[in-house]
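Input: a single structure, listed below in structure tokens.
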Amino acid sequence: MFQKIKYRCLSGPELGIPGMTAMVPPDAVGRRVLCGTYYATVRYVGSVPPTAGIWLGVEWDDPQRGKHDGTYEGTQYFKCRHPKGGSFIRPNKANFGVDFLTAVRDRYGFNNEQEDVQHGTEDVTVSGKTVEFVGMDSLAKRQSRLNQLVDISVRERAVSHAGLKEEISGTCANIRYINLSKNLISSWETVTAIASQVQNLETLDISENKMRFPSTSTSVSGVFSKLRILALNKTEITWTEVLLFAPAWPVLEELHVASNNITVLERPDNVLQTLKLLDLSGNQLLDGNQLHLIAHLPRLEQLILSNTGISSIHLPDVGSGCKTKMFPSLKHLAIDNNKISQWSSINELDKLPSLRSLQCKNNPVMDTERNPETLRQLIIAKISQLEVLNKCEILPAERRGAELDYRKIFGNDWLAAGGHWDPQKNKPSEEFLAAHPRYPSLCLEYGAPEEGELKGQQPSTLKSQLLSLTIKCPEKPEQKPVEKKLPESMTVQRVKGLLYRLLKIPGSELKLSYESSKLAGKEVELDNDLKPLQFYSIEDGDCMLVRW
């Protein structure tokens, strides 16, 4: 695993290019190479008659750069996944990469001792702190600088192998974070060879390295014993391979496996039990039922399912209005950019006992409402414990307004389905309860909608209308109450402007609230100048209170 890589030197005649030589490693087939700025995988090494010399058959990451599928003059030399993804190049055009420490020294300016001496001083960022090194004229000082590095990033530095045995551990003893993304790492064994020399490794990013993964776990015991964060995005790893290597990650808290063409999940029995975050975005899962297989990870708090192609979510272990045992710790869920088209999937999310944050933009179900505010209110009312929706905090007044509106909007549907103000006669149909599982609890909290509220109410719409309000100044009893009719679409800011003209008080100093005629003794603050009155569920006959 830690052997020094030997290269075969090809002469000019072998290459077919006079005066040119190139280094081709003996294990070139399967290796990752860089040709200029383009990445490829070597699929063939050898001659391609009738031309002279040695050729490399490569499969490009960008198939638009290729010319064929590995077939030339009727002979197939290698295979490509894309019919135009392959090319033949001369070995001297291929960069097979460097060892890890060479990349580190290049990245942090430790390779040229003479240059260090000439400059005299140099500022280097070490663990977020700037350290000035003076007169870097000794190997000991250079070694000290490397030993102080804690966070190392060698992204896009053509790293392809670990280098000499124990060289990393003897040079960079304090590394905790390594970013190895988008390099030339072609196998999981290379990752293990590097990590085995980093005793306190906590974070490892090896994304965008197209790697081969062995069919059996080859990790040396204890190599990843302290690893908490692992990123394997765009590495072509399968979920089966994730579970194969997972026993080597005993304390892993974050796993990022985005865009790996994972379509099928398997149950992680006795592995990944410490996981708090799982990123599956960009994988086209076969269906939402795949989620049942990871639903019992005990500590999973954040699940990212953006752009996974799921069209529905179903938590079948309990009925509507109950809390599921699935995803017991899940607080943050991202399901944006999917194919969810039914409100029933949003209803299901209310079953999650710990859910506090949801991202759900760009799903067909979101197109069922033209008004973004109405859409937001519906989602808030359907998921009782939600605190953040699409990265925007849900304030208590917003939740109250959304729930009151929901109760009123669907009141006629409730009556038509068998709902009634008399508890003895209140028997809404199963169909209604399936579509609106939170409606009974909203009626318990706020009371069933009264007949006057529902008169002329159109289901599923928020009508703009004039509100007859009494405006009082409770701290100025000498000020007579004013009766005004205001559009429910009028913002709090505009109301303050109107009151400024009526009361001759600067709008910036006004504090508004209201008392509902149906909720005696409760006062609700109008605390957001940009929100309309309907946002706070103000109704005809309510009293607006003005203070300054």
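Think of the chain as a dipole: +1 on every Lys or Arg Cβ, -1 on every Asp or Glu Cβ, centred on the Cα centre; then among L498, Y38, V198, Y38 lies furthest on the positive end. Classify the stretch 159-209 as rounded, prolate or oblate, taking a ≥ b ≥ c as the square roots of the eigenvalues of its Cα gyration tensor: rounded when a/c is under 1.5, otherwise prolate if a/b is larger than b/c and oblate if not. Because a/c hits 1.5 or more and a/b fails to exceed b/c, the stretch 159-209 counts as oblate.
When the residues S259, S215 are ordered by accessible surface, computed with a 1.4 Å probe over the protein chains alone, the sequence from largest down reads S215, S259.
Straight-distance candidates among the lysines for linking to K93, with alpha-carbon spacing under 24 Å and chain neighbours fewer than 8 residues away dropped: K4, K6, K67, K79, K84, K182, K210. Most tightly packed first, judged by the mean number of other beta-carbon atoms within 10 Å of their residues, the peptides 189-196, 167-174 read 189-196, 167-174.
Out of (1) 1.35; (2) 1.09; (3) 1.51, which label holds the value of Cα Rg over 2.2 N^0.38 Å that was computed here? Label of the calculated value: (1). Can you give me the C-alpha center-to-center distance between the stretch 246-263 and the stretch 380-439, rounded to a whole angstrom? With the stretch 246-263 and the stretch 380-439 each reduced to a Cα centre, they are spaced 38 Å. For a straight C-alpha distance cut-off of 19 angstrom, the lysines reachable from K351 (same-chain residues fewer than eight places away being disregarded) are K323, K325, K331, K382. When +1 charges are put on Lys and Arg Cβ atoms and -1 charges on Asp and Glu Cβ atoms, the dipole computed for the stretch 265-313 relative to its Cα centre reaches about 120 debye.
At a probe radius of 1.4 angstrom, the accessible area of the stretch 335-409 per residue rounds to 40 square angstrom. Each residue of the stretch 277-292 is assigned a 3J(HN,Hα), and the resulting list reads 9, 10, 10, 10, 4, x, 9, 8, 5, 4, 6, x, 5, 4, 5, 4 Hz, derived from the Karplus form 6.51 cos²θ - 1.76 cosθ + 1.60 (θ = phi - 60°), x at Gly and Pro.
Only the Cβ atoms of Lys and Arg (+1) and of Asp and Glu (-1) were treated as charged; on that basis the dipole of the chain about its Cα centre amounts to roughly 500 debye. For the stretch 170-274, the residue among N261, L230, N209 whose Cα projects farthest onto the positive side of the dipole built from Cβ charges is N209. Pairing the Cα long axis of helix 139-148 with the longest principal axis of the chain, what angle in degrees results, from 0 to 90 and rounded to the nearest 10? Orientation of helix 139-148: about 30 degrees from the principal axis. Compute the angle between helix 396-409 and the longest alpha-carbon principal axis of the chain, please, reported from 0 to 90 degrees and rounded to the nearest 10. Approximately 70 degrees, to the nearest ten. Taking a ≥ b ≥ c as the square roots of the Cα gyration tensor eigenvalues, with a/c under 1.5 meaning rounded and otherwise prolate when a/b beats b/c, else oblate, which class fits the stretch 334-484? Judged from the Cα gyration tensor, the stretch 334-484 comes out oblate (a/c at least 1.5, b/c at or above a/b).
For the residues E488, E431, a 1.4 Å probe over the protein chains yields an accessible-area ranking, largest first, of E431, E488.
By average Cβ neighbour count within 10 Å, what is the ranking of 199-207, 282-290 from highest down?
Values: 199-207: 19.4, 282-290: 17.1.
Highest-to-lowest ranking by the protection proxy: 199-207, 282-290.
Think of each Lys and Arg Cβ as +1 and each Asp and Glu Cβ as -1; about the Cα centre, that makes the dipole of the stretch 137-249 roughly 200 debye. Please work out whether the stretch 159-249 counts as rounded, prolate or oblate from its C-alpha gyration tensor, where a ≥ b ≥ c are the square roots of the eigenvalues and a/c under 1.5 means rounded, while otherwise a/b larger than b/c means prolate and anything else oblate? It is prolate, given that a/c is not under 1.5 and a/b is the larger ratio. Accessible surface of D151, taken over heavy atoms with a 1.4 Å probe and every protein chain present, rounds to 80 Å².
Rolled with a 1.4 Å probe across the full set of protein chains, the surface gives Y77 an accessible area near 50 Å².
For the chain, find the longest principal axis of its Cα atoms and tell me its angle to the long axis of helix 492-503, 0 to 90°, nearest 10. Helix 492-503 and the main axis of the chain meet at about 40 degrees. Helical runs (DSSP H, four residues minimum) scored at -39500 (n - 2.57) apiece and divided by the length of the chain put the mean residue ellipticity at 222 nm at -5500 deg cm²/dmol.
Nonpolar atom fraction for the stretch 38-83, defined as the carbon and sulfur part of the 1.4 Å probe accessible area, stands at 50 percent. Taking the charge dipole of the chain about its Cα centre, with +1 at Lys and Arg Cβ atoms and -1 at Asp and Glu Cβ atoms, the residue from S281, V58, N426 reaching farthest to the positive side is V58. Once the Cα-Cα distance is subtracted from the 0.36 nm per residue extended length, the D27 to Q493 segment shows a gain of 160.7 nm.
The values are calculated or read from the model by the stated rules, or taken from the named source; none is laboratory data. It should be emphasised that the depicted structure is a prediction, and the values quoted were computed from it without experimental measurement. For neighbour counting, all protein chains shown are included, and Cβ atoms are generated from backbone atoms with ideal geometry for every residue, glycine included. Surface areas here come from the heavy atoms of the whole protein model, side chains and all, with no ligands, DNA or RNA. Shrake-Rupley method; radii C 1.70, N 1.55, O 1.52, S 1.80 Å.
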